[in-house]
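All remarks here apply to the structure that follows.
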Amino acid sequence: MAEPLLEIKNVTKIFGGGLLSTSKPVVALDGYSLDVYDQPARITTIAGESGSGKTTLVNLILGYLPPSEGEIRYKGINLHEMDRNQRLMYRREVQAVFQDPYEVYNPFYRVQHIFDMVVRNFKLGTNKKESRERIEEALNVVGLRGEEILEKYPHQLSGGQRQRVMVARAYMLKPRLIVADEPVSAVDASLRAMILDIMMKLRDEHHISFLYITHDLSTAYQIGDEMYVLFQGVTAEKGDTAQIIENPKHPYVQELVNSIPAPDPEIKWETDIHLPSEEEMRMKYARGCRFFPRCPYGMDICKQKQPGMFTVGPQHEAACYLYQKQQEEQPK
Ligand code: SF4
């Protein structure tokens with residue numbers, strides 16, 4: 001198998017609790033691992049409710065935060081040991097699209113300025129004509145035309161146009177990976193479908209991989225290849241997206257999937273599941289499975305140590321002791 005494009009290896013991120021701090025540490029990610037492959041290009045989904053550690057993960061991948069332990073490698077190079085040229089390559093090849101694109105716009109500049117900055121910073125195009133062609137090409141990929149939007153200010157664009165401009169900006173750099181952090185949660189159903197279609201087109205026709213971060217299982221089901229379900233900073237289940245949603249194994253994931261009436265892309269993942277308080281999370285961090293307080297199958301062993309990943313099917317794993325015996329009995 002080819003090497004992963006992006007590897008997250010046993011990453012732990014702890015906030016607070018330093019020598020001078022009076023607050024207890026909060027563990028946002030705990031020994032977290034993830035591989036993103038890009039040959040062929042793939043959409044890898046990280047699914048989780050708010051408080052599961054998704055935002056921390058995005059910030060670590062984009063280099064905004066250092067891990068407390070573990071490492072993140074891109075093309076085999078540790079992000080925090082990259083030299084200047086490697087960092088430039090990373091900034092170019094790994095792009096991000098966020099939930100609320102309005103926040104990334106400077107309201108005083110026209111849309112043209114966003115693209116001019118990319119052209120200048122990454123030295124795209126040797127003359128004005130060539131630069132303009134690259135901008136037009138990127139806009140066409142997301143179904144926009146320069147004459148429609150380049151002279152406008154951000155507030156004059158619709159939510160869908162703003163989101164598509166951000167995707168076009170990312171596409172201009174011909175990235176290998178786009179980290180898409182809840183890119184469709186702030187738009188209505190028709191725009192959601194359009195943006196998901198653009199993501200699939202970029203994967204299939206332009207060979208760009210995605211790390212799709214979402215709280216919405218139905219859109220993950222619609223477009224995702226692999227999926228990692230996050231629960232309180234650890235992976236509860238990982239594997240092929242359709243397999244997980246059609247045949248979930250981890251009790252937490254079963255609870256989530258059962259809260260969706262039927263796999264339907266139009267139905268959002270709404271659950272009545274509430275995360276425990278921060279205090280409970282801290283207590284549970286000490287040891288044991290984080291899902292124990294809510295799990296109908298809890299056993300003594302579950303209280304002792306967070307389970308590792310056990311194989312539950314072809315390329316399908318769950319962090320649950322219910323499957324330990326099954327894995328041990330499998331022929332080696
Ligand atoms: Fe439930 Fe134990 Fe599995 Fe955790 S490890 S989900 S407590 S059965």
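From the list 169, 164, pick out the single residue that is free of Cβ contacts under 8 Å to residues at least 40 places away in the same chain and crowded, with 19+ Cβ neighbours inside 10 Å.
Matching residue, one of 169, 164: 164.
Which members of segment 288-318 meet the condition of being near the ligand (Cβ under 7 Å from one of its atoms) and closer than 20 Å to residue 48 by Cβ?
289, 291, 292, 295, 307
Which residue out of 30, 38 is acidic (Asp, Glu), in a strand (DSSP E or B) and open to solvent by less than 60 Å² (accessible area, probe 1.4 Å)?
30
Name the one entry in 135, 149, 178 that is buried (at least 19 other Cβ atoms within 10 Å of the Cβ), under 17 Å from residue 110 (Cα atoms) and in contact with a Phe, Trp or Tyr (Cβ under 7 Å, 6 or more places away or on another chain).
Unique residue meeting the criteria: 135.
Checking the structure you have, find out if any residue of segment 69-79 is surrounded by 13 or more Cβ atoms within 10 Å (Cβ to Cβ), assigned to a loop (DSSP other than H, G, I, E, B), out of contact with any strand residue (DSSP E or B) (no Cβ under 8 Å at 6 or more places or on another chain) and not small (Gly, Ala, Ser).
Within segment 69-79, one or more residues are surrounded by 13 or more Cβ atoms within 10 Å (Cβ to Cβ), assigned to a loop (DSSP other than H, G, I, E, B), out of contact with any strand residue (DSSP E or B) (no Cβ under 8 Å at 6 or more places or on another chain) and not small (Gly, Ala, Ser).
Taking residue 104, is it open to solvent by less than 40 Å² (accessible area, probe 1.4 Å) and either touching an Asp or Glu at 6+ places or on another chain (Cβ under 9 Å) or not small (Gly, Ala, Ser) (or both)?
Answer is no for this residue.
Yes or no: segment 43-53 includes at least one residue that is farther than 25 Å from residue 225 by Cβ, of a type outside the set (D, E, K, R) and crowded, with 16+ Cβ neighbours inside 10 Å.
Yes, because at least one residue in segment 43-53 is farther than 25 Å from residue 225 by Cβ, of a type outside the set (D, E, K, R) and crowded, with 16+ Cβ neighbours inside 10 Å.
Which of the residues belonging to segment 155-182 are farther than 26 Å from residue 61 by Cβ and either in contact with a helix residue (DSSP H, G or I) (Cβ under 7 Å, 6 or more places away or on another chain) or aromatic (Phe, Trp, Tyr) (or both)?
157, 161
In segment 225-258, how many are charged (D, E, K, R) and more than 11 Å from the ligand (Cβ to nearest atom)?
5
The values are calculated or read from the model by the stated rules, or taken from the named source; none is laboratory data. Being a predicted model, the structure only gives us computed values, none of them experimental. Because the Cβ atoms are built from the backbone with ideal geometry, glycine has one as well, and the counts that use them run over all protein chains shown. In case anyone asks, the SASA skips ligands and DNA or RNA and just uses the protein heavy atoms, side chains included. Shrake-Rupley method; radii C 1.70, N 1.55, O 1.52, S 1.80 Å.
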